[in-house]
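One structure below.
The values are calculated or read from the model by the stated rules, or taken from the named source; none is laboratory data. All figures in this text were calculated on a predicted structure; none of them were measured in a lab. Cβ coordinates were reconstructed from backbone atoms using ideal geometry, including for glycine residues, and neighbour counts include every protein chain displayed. Just the protein is used for accessible areas: all its heavy atoms, side chains included, with ligands, DNA and RNA removed. Shrake-Rupley method; radii C 1.70, N 1.55, O 1.52, S 1.80 Å.
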Amino acid sequence: MKPKPVISRIKFEGLDAVELRTPLLRVVAITAKGPRLAFWGRPDGKNLLLWAPGKYRRGRWDLMGGHRLWAARPGADEAEETYATDNQPCQVTAQANGFTVTGALDPVQKIRRGFTVTVTVDGRVTLDHFLQNESDMLWSGGLWALTCTVPSKRATYTLPLGDESSWDYATIVAFRTWGGGHGGVGFDDPQFKFTADAVVLHPSGRENKRMIKADAGLIAGYDPVQKLLFAKHAAYDPAGNYPLGTNLALYVGPDNFMVEMETMGATATLKPGQTMKHRETWLLATAKSAPSAKALRELF
């Protein structure tokens, strides 16, 4: 069933925002700055996203939380321009089944980022991220969609691995430390475990991350407190050039303040006036337990 969403301009924790509601979903994007999604969950439920503006900073850049879109440079996916501030007001356009939020023009690179949220069926939306090259020069890079979730007690995150072929493999990038001393817990981290067909994360609050080449393009987080499954999917292109050869990532923040569910698009070169796109499909569903990798594949 495809319900007609109710779309409203609201204030979200004092910030200008746009809200989308269906019987099963509430989605909020702030428009005062960003673009960022600030709320994802049931209309009468808790926010599944971290939202803490001003608390976690890197210089002038404010994590804020929620869901954001980064532009990643080939060969240096985390560079200074990755953390370019996105504190300017956004433009918002409402459609019949969703809305588009478009950010301000980057004054140096002359690129503009944004996303369109569209309800497909109740409990499921597409997030069409885009980056426009408004320079008269070339731009190259890839799109990186990062979702900051708040892990509840006994939360589980699952990434199905492999393509189920007769020559089946996955690429895992592990970190000891990065970014001036983040991490530092070592390559051996019991938070991350392998099963026969997946990587499973049981976050314990040790700051660490894993980047993964996963053909299914799926990340799912299960909240046993609310009995909710949040899964997102982004198609993987085997011929694409991805950061460190990987298309998905999981990051665990110190003391479990968040777990980031990340998908990455293949890199490309944009001529002046061209646009790059990266689609995610988000699902929110009631579940009695964390689903298997096979069950997650069947959802998409």
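Placing a pseudo-label 7 Å from each Cα along the Cα-to-Cβ vector at Lys110 and Phe194 gives an inter-label distance of 4.8 nm. In the chain, the DSSP-assigned H stretches of four residues or longer account for a calculated mean residue ellipticity at 222 nm of -500 deg cm²/dmol, using -39500 (n - 2.57) per stretch and the full residue count as denominator. The phi torsions of the stretch 152-163, fed into the Karplus equation with coefficients 6.51, -1.76 and 1.60 and a -60° offset, translate into couplings of 7, 4, 6, 5, 10, 10, 10, 10, x, 10, x, 10 Hz, rounded to whole numbers, with Gly and Pro shown as x.
Place a +1 charge on the Cβ of each Lys and Arg in the stretch 2-96 and a -1 charge on the Cβ of each Asp and Glu, then give the dipole magnitude about the Cα centre in debye, rounded to the nearest 20.
Using Cβ point charges on Lys, Arg, Asp and Glu, the stretch 2-96 gives about 400 debye.
Result for the chain in a Gaussian network model with C-alpha springs under 10 Å: among Arg124, Arg26, Arg60, the largest mean-square fluctuation is at Arg60.
Going from most exposed to least, what order do Tyr242, Tyr83 have by accessible area with a 1.4 Å probe?
Tyr83, Tyr242
Farthest towards the positive end of the charge dipole of the chain, among the residues Gly265, Ala104, Pro3, is the Cα of Pro3, using unit charges on the Cβ of Lys, Arg, Asp and Glu. Taking Cα centre as origin and charging only the Cβ of basic (Lys, Arg, +1) and acidic (Asp, Glu, -1) residues, the dipole magnitude of the chain rounds to 840 debye. Taking a Cβ cut-off of under 15 Å around Arg113, the surrounding Lys, Arg, Asp and Glu residues balance to a net charge of +2, with basic ones at +1 and acidic ones at -1. A simple count of charges around Asp163, restricted to other residues whose Cβ falls under 12 Å of its Cβ and scoring Lys, Arg +1 and Asp, Glu -1, yields -2. Protein heavy-atom surface of the stretch 257-300, 1.4 angstrom probe: 50% of the accessible area is carbon and sulfur, with nucleic acids and ligands not counted.
Per residue, the accessible area of the stretch 228-272 comes to 34 Å², computed with a 1.4 Å probe over protein heavy atoms only.
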